Each structure stands twice: as C-alpha cells, then as structure tokens.
Amino acid sequence: MSTNLPYCNSLTKYVRLKTREVKVGNIGIGGENPIRIQSMTITNTLDTAATIAETLRLVEAGCELVRITTPSIKEAENLQNIKDGLRQQGCEVPLIADIHFTPNAAEVAAQIVEKVRINPGNYTDRKKFKIAEYTDKAYQQEIDKIHKKITPLIRICKRYNTTMRIGVNHGSLSDRIMSRYGDTPLGMVESGLEFVRICEQENFHDIVLSMKSSNPIVMVQASRLLAAKLIERGTIYPIHLGVTEAGEGEDGRIKSAIGIGTLLEDGIGDTIRVSLTENPENEIPVARAIARRHTKKYDHTKIKDIDEEIVDPYQFKRRDSVKIENIGDKNPPRIIIDLSRLGEFTNAEFADIGYKLQNDKWNLSDQAADYIFIGNNDINIEIPGSLSVIQNIAEWKQRENIYPLLMENDYINGNYQLSDKLNFIMVNSNNINDKLFDRLADDDTVVIVLETDNKHGAAEQRRFIFELIRKRIKNPVIIKREYKIQTAKELLIDSSIDVGSLLIDGLIDGIWLDAIHSPQAINQISFGILQATRSRITKTEYISCPSCGRTQFDLQEITAKIRKETEHLKGVKIGIMGCIVNGPGEMADADYGYVGTGKGTIALYKGQEVFRRNIPSEEAVSALIDLIKEHGDWVEK
C-alpha cells in the first residue's frame, strides 16, 4: 500500500482535521465543534423506565449522545416512548438507534431518533466465514443489491433529518469484502465507502463514519486510512473513534486511550466512545480524560515539519534497531523503573516490580521490570540476576549488570569513560544534533533515552525517531516521559497515549515513566501499555463487549468469573460476548469465545468456529476451561 497518502493535516503540529459538520438533534459533530462524548445503554430497550433512567445518568455524567440497541421493530417502536419520557423530563440528549441485521427496524427508528448506526458487514451482507471468489460482475451485482436494500433507509433519513453512522467493525467484515481485500484495514475502509458512495448517489451527506476493532493497532490503521481516503475524495465526513470490546478495568482504559488518543493526537476524530465491560456511566470520565487535551487551544512548542515519507502508517513494521545486551532488534520493549527517590533499597522494593525473594531464591513474575534507575545512589544488597541497574555516570563504576547514564553533551564531548557493553544517553527530542548522530553511527553500545518537554511530546519524539530512520541510525530508543502532578487515573490515560502512540508504529524499544506514583503502579501501567499494543504479552487478554439490551447474561459477573479462573494463561485471548451480534465476528482474533445465544444458554468457540452449542450458563465457565485444556493451552496456576 502506498504511504504517500496523507491522513492528517500535520504530523508535527496539532491541528484538527476539518470535517463536514453534521447535526444530530441539537448537537453538531465535526466542523468547528468540540470532540463529542457518547455512550450506550445496557438496559432492555423494551424497559422504557430503566432505559430513561440510565440515559439520564449518562447525561448527568457528561454524555452528549446516547446509543440504544434496537434489534427488532418492537424496540424501534419503543424508542418513541423513551424519547417522549426524556423530553418530558427536560432532557434533550440526541438518541442513536444501534442496528444489526434488521433494516426494517432501522427504517422505523430513523423516523424517531436523531441518528441511526448501521454496520455494513451485517446490514445487507451476511458473514458465513466462507471466502468465495467474486468476479467483477458478481461483485457489482452485490453492490447493486446493497443499493436497493439501503435506499429506503437513506430516503427516510433525508425526510426526517436523521443522521446515519456507517460503523464498520473489524470482526464483521462480509465474506464478499474479505474475498477481495482480505482481513485488512483497506477492507474495513472499502466496506464503509461502499455505503458512502450509495448515500452520495442519493444526495445524502449527513454521515458519520467509524472503523472499530478490539485491537488498537488495527483500529488506528483503519481510521488513518479512512481519513486518507476521505481527504483524497475531497469530502471529509466526521469520524467516530472507539476501541470495541476493550474490556474492563485498567486494561480497558489503556486500550481505549491508546487507540483513541493516538488518532486524536494527529487531529483525527470528532466523537468518541470508550467501550468498557462496566456500567456505562464509568465510560464517560475516561472518554473526557482522553479528549481533554485535544482542543483547539492545544498550543505547543513548534516542531520542525516532516517533509518526506518515513514509515507506512497503515501497516505495522517495527523499526530496525541493533541488539545491545537485551535491548533492541527482536527483543520485546524493555521497562525501566525509576527508584532514584528511595535512597536505600530493600527486598520489598523489588517485590513491587515483579521480584519476590523466597527461601533465598528470586522468583520472577511475568511482569518483572528489566532495569531500575538509581540516580546517584548505590545498591549494597543482592539483587536478582535478571534485573539490571542504571546509575548516573558521575557515580558509576564498572560492575556486573550496572550501566551508566549520561547526558548528550557529555557523550559528544567524551567527558567520561564508558561501558564497553551498554551505555544510556539522555537526549531531548527537540535537539536534532548532527554531532550526536555522527557519533551514534559508529557506536553499538549506546541506547538512546529520548525525553521531551513539549506539550505535543509524542509528535516531537516521533519526529526525532524519523530522523534516526532517515539517517539509518539503528541504536535502540527508550521513551522517557515525566509526569509531575497527575493523579493515578491521569497518569494511566496520558502515558497510554504518549507511549502507546509510538508503539503502535513500532518505533521504540522501551518505556521509562517518571512519576510520583508507586513503582508498583508505574510497572503495572507500563506492562499494560505493552500488552495493549501487543508489543509484549505478559498476561491473558480479554476481549469483552460492554453489554447492551441484546446481552443474554450479566457480562460484568461472567467476565469476573472467567478472569478469576483464567488470568494466569499468559498470551491466551478470550472473547466474552453477550450475544451473537458481538459473537464470532466481533471477537475477531480471540483464541476462545464465550457467547450468549439465548436466555441461560452459551456457545463456545475455538477461534471463529463454534465448538459446542446450547450449554447451560451454570456449566459454561467449566466447559470453557475444558475446551482450553483440550486444545493444550491450559497451565495450572
């Protein structure tokens, strides 16, 4: 795929991508409007009172648009009662009908609510997980069928001033799309653009587009490519952002921050939704935290423009770097934990970062940090053999597993004797220094620790790394970010965006978060960021939907039960889906799936193939464990 197709206004200056404004009730999306926050109810849509109450709670939390599941005409018709009840209470929040498989429900809903969301992968097409070959003629015949089927909805939307979101999900691409484009970001984009072209033929332009995936890398690549294609076409519709099935707790927040925040940093995105397997009100503070710094007033120190193609933003490829000890090349990104504030060290500090001393033997967790920074301090106790130490060079002496850190100018001027194995050089990303580059080109002992004090720091650090690539300098790069006053929640969100956006493009070889929070918290967040970007897998991954009125079981309760039994299965991906809509397709690349198929019944999947149907819910978790054991992925705790 050509990479000379721009997807944003600038890679170095924060500028929102100017999109066409559409109105959703009294809310403007795109154009000069701020980034809008939305969520979705999890109540039964036929329960009018419960849905009204939950909508009011969402609005109170700061939600600006509320989506409601609409699986059939009955639910579509009841949207009128919900809307009337909200308006009677003075709540004017725009409502969105969420449609899968049922065009007739969409046509009813579009006459009532302000926006209708359809999924091209299942609105007219059907996914049977069978790839067939399509001739150009056969392919066009399928497009003609889509045109015929969606035209009634388009005309209703025009008549009632109803906006349409064309929401593509990675896991529900049709077999027709898969046959031509494969399981790719391009396939996702073309799936959406097919519907856009039909809308435009009908002179309908009140469109919002989205490209969603449970994998933040896929979500980012597809959304970038969508923006690029819209720019190329000349009509840039508003773009909605979200990582679907992000999960719960810290993992769900990190995934969402990385996917949504990476795009917002480059000015892409007009409305966002954070999908958590929690009560929907919990999504709003997270969404607001992600969006808060991406405003029109996001001023920052000027960064030199990038005037040539450096990396392909639509396909993942890790930057080539040399191996220096255990950093760079094919090694997973490393984690540095700053312990310089401690002064004295005991075994307790190591327990906080993944090392526990038992019977005079160090036991390592899967989330054991790789390096600690001790500043000007010294270590006088025995430390784990797999843990290395970084010390300021003024205090450093040649010792096993202890390496020096020095400033850029001291390195250039040769002010200190260095290690012949590994040296860390602190460099500010605003300093593109030819003297530094000339020296690095011949030094295979140096790892760059790249810091920034720019408000648009990720862009500045990216710019520096692009310069390394351009000059063919392959020293590994550790990203260092300092957070001075953040709360723990702010630290999680901001670091996920700042570091995750660089991992998304495979640009870095490690993380160093410098914050006032506990080493344990920082270590946990660092590993969480690596897990979410699939840069370093250290635990089980859960792909769980956020629940809605279609859900056949209590998602929060079942997710907690499954996590309790399986969270020790490093590298295994488990999809937990409340209904068949969010079933085998939406969990995309999960190894195992737990899907609600009816009240009290579950289907289990291996990959995207159903393995066992109609399992009573009280037996289903045990059956899932048996399935994992049967396929050799189970290990005892």
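Table for the structure above
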| quantity | calculated |
| --- | --- |
| Residue match in segment 146-164 (condition: in contact (Cβ under 8 Å) with a residue 24 or more places away in the chain, charged (D, E, K, R) and crowded, with 22+ Cβ neighbours inside 10 Å) | no |
| Pairs where the first residue, in segment 393-416, is in the same structural domain as Val447 (by TED's automatic domain parsing) and assigned to a helix (DSSP H, G or I) and the second is loosely packed, with under 14 Cβ neighbours inside 10 Å and of a type outside the set (Phe, Trp, Tyr), C-beta under 6 Å, 6+ apart | Ile412/Lys435 |
| Filter pass, Glu114 being out of contact with any Lys or Arg (no Cβ under 9 Å at 6 or more places or on another chain), over 24 Å from Gly171 (Cβ atoms) and not aliphatic (A, V, I, L, M) | no |
| Which listed residue is of a type in the set (Asp, Glu), outside the structural domain of Gly62 (by TED's automatic domain parsing), modelled with pLDDT of 95 or more and in a loop (DSSP other than H, G, I, E, B), from Asp329, Asp305 | Asp329 |
| One residue from Gly571, Gly549, Gly575 being within 24 Å of the chain's Cα centre (by Cα), surrounded by 18 or more Cβ atoms within 10 Å (Cβ to Cβ) and not assigned by TED's automatic domain parsing to the domain that holds Asn282 | Gly575 |
| Scope segment 509-568; condition over 24 Å from Gln461 (Cα atoms) and aromatic (Phe, Trp, Tyr); matching residues | Tyr542, Phe553 |
| Residue among Leu79, Leu11 that alone is more than 19 Å from Arg165 (Cβ to Cβ) and either crowded, with 16+ Cβ neighbours inside 10 Å or not assigned by TED's automatic domain parsing to the domain that holds Cys157 (or both) | Leu11 |
| Filtered residue count, segment 417-435, keeping only those that are part of a helix (DSSP H, G or I) and either under 21 Å from Asp514 (Cα atoms) or basic (Lys, Arg) (or both) | 1 |
| Qualifying strands (runs of 3 or more DSSP E) (wholly inside segment 334-381; at least 1 residues being surrounded by fewer than 16 Cβ atoms within 10 Å (Cβ to Cβ)) | 355-358, 361-364 |
| Spans of strands (runs of 3 or more DSSP E) in segment 505-619 with at least 2 residues of a type outside the set (Ser, Thr, Tyr) and farther than 30 Å from Arg319 by Cβ | 573-577, 592-598, 601-606, 609-616 |
| Failed item in (1) in contact with a strand residue (DSSP E or B) (Cβ under 7 Å, 6 or more places away or on another chain); (2) among the small types (Gly, Ala, Ser); (3) modelled with pLDDT under 95, with Ala132 passing the rest | (1) |
| Hits in segment 243-253 - residues which are in contact with a Gly (Cβ under 8 Å, 6 or more places away or on another chain) and either part of a strand (DSSP E or B) or at positive phi (or both) | Val243, Glu245, Ala246 |
| Restricting segment 14-57 to residues that are assigned to a helix (DSSP H, G or I) and touching a residue at least 12 places away in the same chain (Cβ under 8 Å), the residue that is surrounded by the most Cβ atoms within 10 Å (Cβ to Cβ) | Thr51 |
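The values are calculated or read from the model by the stated rules, or taken from the named source; none is laboratory data. Computed from a predicted model, the values in this text were never measured in an experiment. We place every Cβ from the backbone using ideal geometry, glycine too, and count neighbours over all the protein chains shown.
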